[in-house]
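The values are calculated or read from the model by the stated rules, or taken from the named source; none is laboratory data. All values derive from a computational prediction rather than experimental measurement. Reconstructed Cβ throughout: ideal geometry from the backbone, glycine too, with neighbour counts over all protein chains shown.
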Amino acid sequence: MNTFFRENIEAMKGYTPGEQPQRIGGWIKLNTNENPYPPSPAVCEALQNIDFKQLRLYPDPVCCELRKTIADLYGYSDKNIMLGNGSDDILTIAVRSFVPEGGYIASPNPSYSLYPVLAGIQGAECINIPLESDFSMPANFAELAKKASLIIIPRPNAPTGTAFELEKMRNICREFRGIVMIDEAYADFADDNCVKFVKEFSNVIISRTLSKSYSLAGIRLGYVIASEEIIYGMMKVKDSYNVNMLTQKIALAALHDQKYLKQSVAQIREVRKYLTDALKIRNFTVIDSQGNFIFTAPPDKDGETLYQQLKEQGILVRYFPGKATSQYIRITIGTKSEIDQLLEFL
């Protein structure tokens, strides 16, 4: 059959998101790393105070107030910040900005399965660099990635939950000649982060999202922190109005309520420890996690069967086929009640 698609699009497989059940109710949903708690009450108040007449107007194309708010949180200038329609938009902008057709990006393996898809859309290739057997970062990562113009490293990593050592991350930033993008979607749940790297290295981009720790996956808001020069260049590539007016107002309300953020994160970290300990008692292999999820293998090392058995019980977790991942399932940290129901079945 004749095709109208570009050759690389015709040949590639698209990204497969986590399952979103169409049937409302009846599921314990622990498969897409959504926050089990509601957003800040300030978000509800912001929504109630929105003047619907404003919707006839275009939103602020560069999100001035949001950029200033985020910059103040981390001790940067608003010129160091760019907003996007979720982290995926930010990642797309980065690939379009720094990777030529026929070029390369590099990322750890296993990690976020969207990275190779974005490379394919660009007509580029993804260099998948295997992690060590314990899912730690290989010491020669930068050397293995030398053909690439862009490295993307999720920290904490998904699906494993590991936070690669800060000094190894510094070495990669120091040794690599291209752009190092550190995807910190789960950083609020971790003991440390790489935000200060932007002041240490001119080639570093930090990506963040409000989807996880702020309980705002539904509004699609991501942002990057980078040098003024990098932000200036990436601004040329983004869509003109890539963050809508409602998202901007909701995000501002959430970002101003840091007390609520800390409470939500503390609850998730507490349940994460509870689940980790409970799984170890049941002889599961558990990878120490710094995210809002746990990567774990049952005693028989058959992740796929356990995934199917849980689904039959109305409990959704995530399974990743592959040599390094097929023993495991990834469990999002839900409420303690949801986790107790999972443990009861196990």
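Summary table below
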{"item": "Candidate set from the range 41-60 (those that are among the acidic types (D, E) and not in a helix (DSSP H, G or I)); member that is farthest from G84 (Cα to Cα)", "result": "D51"}
{"item": "Subset of the range 237-279 that is of a type in the set (S, T, Y) and more than 30 Å from V95 (Cα to Cα) - its residue that is surrounded by the fewest Cβ atoms within 10 Å (Cβ to Cβ)", "result": "Y274"}
{"item": "So V237, is it over 27 Å from A190 (Cβ atoms) and either at pLDDT below 95 or out of contact with any Cys (no Cβ under 8 Å at 6 or more places or on another chain) (or both)", "result": "yes"}
{"item": "Every residue from the range 141-160 that is over 18 Å from the mean Cα position of the chain (by Cα) and of a type in the set (S, T, N, Q)", "result": "S149"}
{"item": "Subset of the range 158-209 that is hydrophobic (A, V, I, L, M, F, W, C), without any contact (Cβ under 8 Å) to a residue 60 or more places away in the chain and not in a helix (DSSP H, G or I) - its residue that is nearest to K262 (Cα to Cα)", "result": "C194"}
{"item": "Residue match in the range 235-243 (condition: out of contact with any strand residue (DSSP E or B) (no Cβ under 7 Å at 6 or more places or on another chain), in a helix (DSSP H, G or I) and closer than 30 Å to F52 by Cβ)", "result": "no"}
{"item": "Residues satisfying the stated conditions in the range 320-334, i.e. touching a residue at least 60 places away in the same chain (Cβ under 8 Å) and exposed (fewer than 15 other Cβ atoms within 10 Å of the Cβ)", "result": "G322, A324"}
{"item": "Among the candidates A124, A163, A142, residue that is modelled with pLDDT of 95 or more and closer than 22 Å to R6 by Cβ", "result": "A124"}
{"item": "Where a residue in the range 277-293 is closer than 18 Å to L30 by Cβ and its partner, wherever it lies, is of a type in the set (S, T, N, Q) and modelled with pLDDT of 95 or more, with Cβ under 6 Å and at least six apart", "result": "L279/T296; F284/T296; V286/T276; V286/T296; I287/T160; N292/N33; F293/N33; F293/T332"}
{"item": "Any hit, the range 84-103, residues being on the phi > 0 side of the Ramachandran plot and outside any loop (DSSP other than H, G, I, E, B)", "result": "yes"}
{"item": "Test set (1) at pLDDT 85 or above; (2) farther than 24 Å from Y112 by Cβ; (3) within 25 Å of the chain's Cα centre (by Cα) - Q22 fails condition number", "result": "(1)"}
{"item": "Test: residue in the range 150-165 that is touching a strand residue (DSSP E or B) at 6+ places or on another chain (Cβ under 6 Å), within 21 Å of A324 (Cβ to Cβ) and surrounded by fewer than 21 Cβ atoms within 10 Å (Cβ to Cβ)", "result": "no"}
{"item": "Of the criteria (1) exposed (fewer than 11 other Cβ atoms within 10 Å of the Cβ); (2) in contact (Cβ under 8 Å) with a residue 60 or more places away in the chain, which one L73 fails", "result": "(1)"}
{"item": "Selected residue (only one of P138, P100, P130 is free of Cβ contacts under 8 Å to residues at least 12 places away in the same chain and more than 17 Å from the chain's Cα centre (by Cα))", "result": "P138"}
{"item": "Every residue from the range 105-119 that is crowded, with 20+ Cβ neighbours inside 10 Å and not in a helix (DSSP H, G or I)", "result": "I105, A106, S107, P108, P110, S111, Y112"}
